[in-house]
Amino acid sequence: MIQRPLFFANWKMNHGPTEARAYMAAFLNFFSPRTDRTVAMFPPALSLSSARDARGDRTDILLGVQNIHTQVKGAFTGENSAPMARDAGATLSLVGHSERRHVFGETNLDAARKLSIAQQFSLTPVLCVGETLDQRELGDAERVVVEQLQIGIDQIESSALASIIIAYEPVWAIGTGRSATPEDASAMHRVIRAMLRQLAGEASDSVPILYGGSVNVKNAESLLRADGVDGLLVGSACLDPEAWAQICRT
Ligand code: PGA
């Protein structure tokens, strides 16, 4: 059960299995279980099972995988599939993160396939959308985000739409120290919410929309208070377990 607000930690390519164990132990010390929010960690795939083992009975902390392949198995050297991630402890999967799109060349169609396969294997997909700085400056931000959303969810039934999560992460805000203002975040969250309504009706009101991009201990509260922001997806500021626990208590 996903309880808003949501606090999702994207470790990216940080913390191998040994560090993941130490990180989880430290985090669990700093953060007591709470029923009024959802906290999830997205370790690298190699560290998922050690994060799960270190989590022990603290199943209030969810685990997710950062990326999955579009196929279930086969000759795809270096890739990880949805059922493998599930087996290693994940119940969530990021899909179409900006670094997957812009560093590894993933398309909206790849995201759509991944979203669909994630759902088939009971991984709740977290579809990441967001415009680049150029696109924003050209006044193209809304169109880009709406297109990412439309194509991204195109391969699932509208009834399955209620069980996804969206993360709005403007590319210019990721890892740059320059987060969106609460007003900018709210404006795009409104666009996304309206689009979801149009595609899936009232059932889509349960879909959380997270904000991500240079969230830190200082700005977490104002971003979380922004109208329409249901949670935060955090990269660099989650790498220290104490700072991350502080953000999760916002
Ligand atoms: P950042 O990354 O918090 O370091 O900007 C966020 C993300 O990429 O999900």
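The values are calculated or read from the model by the stated rules, or taken from the named source; none is laboratory data. Because the structure is a prediction, the values reported are computed rather than measured. Every residue, glycine as well, gets a Cβ built from its backbone with ideal geometry; the counts of neighbours run over all protein chains shown. Just the protein is used for accessible areas: all its heavy atoms, side chains included, with ligands, DNA and RNA removed. Shrake-Rupley method; radii C 1.70, N 1.55, O 1.52, S 1.80 Å.
Can you confirm whether the stretch 195-202 contains a residue that is of a type in the set (A, V, I, L, M) and open to solvent by 60 Å² or more (accessible area, probe 1.4 Å)?
yes
Kindly indicate the residue of the stretch 203-218 that is in contact with a helix residue (DSSP H, G or I) (Cβ under 8 Å, 6 or more places away or on another chain) and open to solvent by 40 Å² or more (accessible area, probe 1.4 Å) and also farthest from P125 (Cα to Cα) among those meeting that condition.
V217
Select from the stretch 128-140 the residues that are open to solvent by less than 10 Å² (accessible area, probe 1.4 Å) and outside any loop (DSSP other than H, G, I, E, B) and list them in ascending order.
Once the filter is applied, which keeps residues that are open to solvent by less than 10 Å² (accessible area, probe 1.4 Å) and outside any loop (DSSP other than H, G, I, E, B), the stretch 128-140 yields C128, V129.
For R143, are the conditions met, namely being open to solvent by 70 Å² or more (accessible area, probe 1.4 Å) and either within 16 Å of the ligand (Cβ to nearest atom) or not in a loop (DSSP other than H, G, I, E, B) (or both)?
yes
Quick one: L115 ticks every box in (1) surrounded by 15 or more Cβ atoms within 10 Å (Cβ to Cβ); (2) in a loop (DSSP other than H, G, I, E, B) bar one, so which box is it?
The failed condition is (2).
Find the residue count for the stretch 68-91, including only residues that are farther than 13 Å from Q119 by Cβ and among the polar types (S, T, N, Q).
4
Kindly indicate whether any position in the stretch 154-165 is under 13 Å from G130 (Cβ atoms) and open to solvent by 50 Å² or more (accessible area, probe 1.4 Å).
So far as the stretch 154-165 goes, no, none of its residues is under 13 Å from G130 (Cβ atoms) and open to solvent by 50 Å² or more (accessible area, probe 1.4 Å).
Would you please list the contacts, defined by Cβ atoms under 6 Å and residues six or more apart or on different chains, that run from a residue in the stretch 116-145 that is of a type in the set (S, T, N, Q) to a residue that is within 16 Å of the ligand (Cβ to nearest atom) and open to solvent by less than 70 Å² (accessible area, probe 1.4 Å)?
That search, which allows pairs on different chains as well, returns T124/L92; T132/V171.
Checking the structure you have, find out if any residue of the stretch 170-179 is open to solvent by less than 30 Å² (accessible area, probe 1.4 Å), more than 16 Å from A112 (Cα to Cα) and in contact with a Leu (Cβ under 7 Å, 6 or more places away or on another chain).
Among the residues of the stretch 170-179, at least one is open to solvent by less than 30 Å² (accessible area, probe 1.4 Å), more than 16 Å from A112 (Cα to Cα) and in contact with a Leu (Cβ under 7 Å, 6 or more places away or on another chain), which makes the answer yes.
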